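Undergrad: Provided herewith is a single structure, encoded as structure tokens, for subsequent inquiry.
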Ligand SMILES: C[S@@+](CC[C@H](N)C(=O)[O-])C[C@H]1O[C@@H](n2cnc3c(N)ncnc32)[C@H](O)[C@@H]1O
């Protein structure tokens, strides 16, 4: 009964629950299945170079934007393909507006860049005549997110750089992935190292936990199946399957240090063939 009540309170944002036991600020639990050689401590050195890409140059030329250096190679890898045509981008978390300007300078000049933030003063960072818009509201409010999507969406890129509260990351993904992101679009959540910092963990599952579950969902077609169900030309080969929306629409999930990226892609059933 208490568990159910807590679940409801958490769902409606009324209770900050204690973090899952595996999460801790200080230590990492690893499975005994790893060979010791792969988990023993080795030295990692500080970065001495800055990223060498155009986006980092744009970042460096402006102020009032806060990004980690190692994100720039990741952004470049995932966003480069969206530069040749006008896109719609939604960034959760405006802060001082620098990142909205950075995206504007990086993507096609006719692109629409939309920032949302809970802080009313962020409205000052709107540059409507350059198609940079700011709307004020919470990333944890699905109605607000639906309004922003109706006004500007669907988006080719959604970047969550908002509160970094796990509860908020989960709600935003739940509210936006299906209806606010185009097929072929990219959903990126950054600063997920905060999922391991207790003060940011306010949900039973962190966003990293959900992302790990989505790795399983990516493989949902294979649950309770055999290879011939997928074999090209085989009489047992399935022609249709009932899969969860996520299983049917996630093309790939990429994990980096502090960033998770989802490429949205309407899937068809996999086929195998021996030649
Ligand atoms: C890390 S900053 C954004 C940084 C900015 N994207 C940049 O790169 O410079 C996080 C922002 O999220 C905003 N924020 C906090 N809680 C929020 C919420 N519930 N909904 C939307 N934005 C929120 C804060 O006001 C803050 O401006």
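The values are calculated or read from the model by the stated rules, or taken from the named source; none is laboratory data. In this text the structure is predicted, and so the values were computed from the model without any measurement. Neighbour counts are summed over all protein chains in view; Cβ atoms, including those assigned to glycine, are modelled from backbone coordinates with ideal geometry.
Undergrad: Residue 158 passes all but one of (1) near the ligand (Cβ under 9 Å from one of its atoms); (2) at negative phi; which number fails?
TA: Unmet for residue 158, out of (1) near the ligand (Cβ under 9 Å from one of its atoms); (2) at negative phi: (1).
Undergrad: I've got another one for you. Considering every residue within the stretch 109-128, establish whether at least one is over 22 Å from residue 265 (Cβ atoms), more than 13 Å from the ligand (Cβ to nearest atom) and in a helix (DSSP H, G or I). I'd like the intermediate steps shown before the answer.
TA: So in the stretch 109-128, the residues over 22 Å from residue 265 (Cβ atoms) come out as 109-110, 112-128.
In the following step, the residues that additionally are more than 13 Å from the ligand (Cβ to nearest atom) were identified as 109-110, 112, 126-128.
Subset that is in a helix (DSSP H, G or I): 128.
Checked the stretch 109-128: at least one residue is over 22 Å from residue 265 (Cβ atoms), more than 13 Å from the ligand (Cβ to nearest atom) and in a helix (DSSP H, G or I).
Undergrad: Which residues, counting only those in the stretch 129-146, are touching a residue at least 12 places away in the same chain (Cβ under 8 Å), surrounded by fewer than 19 Cβ atoms within 10 Å (Cβ to Cβ) and in a helix (DSSP H, G or I)?
TA: Matches in the stretch 129-146: 130, 142, 144, 146.
Undergrad: Determine if the stretch 200-210 includes at least one residue that is touching a strand residue (DSSP E or B) at 6+ places or on another chain (Cβ under 9 Å), within 16 Å of the ligand (Cβ to nearest atom), at pLDDT 95 or above and in a strand (DSSP E or B). Quick ask: steps written out before the conclusion?
TA: Filtering the stretch 200-210 down to residues touching a strand residue (DSSP E or B) at 6+ places or on another chain (Cβ under 9 Å) leaves 207-208.
Still in the list and also within 16 Å of the ligand (Cβ to nearest atom): 207.
Filter again for at pLDDT 95 or above, leaving 207.
Keeping just the survivors that are in a strand (DSSP E or B) gives none.
No, because not a single residue in the stretch 200-210 is touching a strand residue (DSSP E or B) at 6+ places or on another chain (Cβ under 9 Å), within 16 Å of the ligand (Cβ to nearest atom), at pLDDT 95 or above and in a strand (DSSP E or B).
Undergrad: Among the residues of the stretch 34-71, write down those that are assigned to a helix (DSSP H, G or I) and over 29 Å from residue 162 (Cβ atoms). First the steps, then the outcome.
TA: Start the filter on the stretch 34-71 by keeping residues that are assigned to a helix (DSSP H, G or I), which leaves 36-39, 54-61, 71.
36, 37, 38, 39, listed by residue number.
Undergrad: Could you check the stretch 213-243 and list, in sequence order, the residues that are closer than 20 Å to residue 169 by Cα and surrounded by fewer than 15 Cβ atoms within 10 Å (Cβ to Cβ)?
TA: Answer for the stretch 213-243, where residues must be closer than 20 Å to residue 169 by Cα and surrounded by fewer than 15 Cβ atoms within 10 Å (Cβ to Cβ): 213, 215, 216.
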